[in-house]
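In what follows, a single structure is set out as structure tokens and then discussed.
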Amino acid sequence: MVGVPLPQPIDNDAPLFVISVAAQLAGMHPQTLRTYDRMGLVSPRRTRGRGRRYSRRDVARLRLIQRLSQDEGINLEGIRRIMAMENEIEQLRRQVNELSDLLAASRAAPPSSRVFTADPGGDVHLGRSARPGWALAPRALPGPPR
């Protein structure tokens, strides 16, 4: 069919499920979801009336908590720490990707567009577009102590 737009993919973070549906999808009791919300293991969005709305990502997280608790024997504090580390790892991955993109763009830019460059020995050189009056240290900062 020509001209019919394709449906947009469902956002994994869209608040779709009420607590009873999310509990059923995760194989848990709704009270367990309330407890996990109070503990900070899962943070569903709230409606204006303060009702919880769970996303697909929340349900996947609940299933992971269930598996870690029942199959692996990890207590809830251990699960909370694992989840915090996973969140930090994901944030660091995003940051590495952003920095990699920035580095690639910087390397692709012509040398004349750079304000300064540093050679492997640490000497700093001004580029053509550097503003007059900028003072730069003659050497790059040393690395961390070893």
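Every number in this text was worked out from the coordinates using simple rules, so none of it is lab data. The shown structure was predicted, so the numbers you read here are calculated from the model rather than taken from an experiment. A quick note on method: Cβ atoms are made from the backbone with ideal geometry, for glycine too, and the neighbour counts reach across all protein chains shown.
Tell me the Rg and the Dmax, in Å, that the Cα atoms of the stretch 1-74 produce.
14.9, 54
Could you give the size of the charge dipole of the stretch 19-108 about its Cα centre, using +1 on the Cβ of each K and R and -1 on the Cβ of each D and E, expressed in debye and rounded to the nearest 20?
Taking the Cα centre of the stretch 19-108 as origin, the dipole is about 600 debye.
For R45, enumerate residues with amide H under 5 Å from its amide H, sequence gap 5+ or separate chain, H modeled in the peptide plane.
Hits under the 5 Å cutoff: R53, S55.
For V4, V18, which order do you get if you count the other beta carbons within 10 Å of each Cβ and list the fewest first?
Going from sparsest to densest Cβ surroundings: V4, V18.
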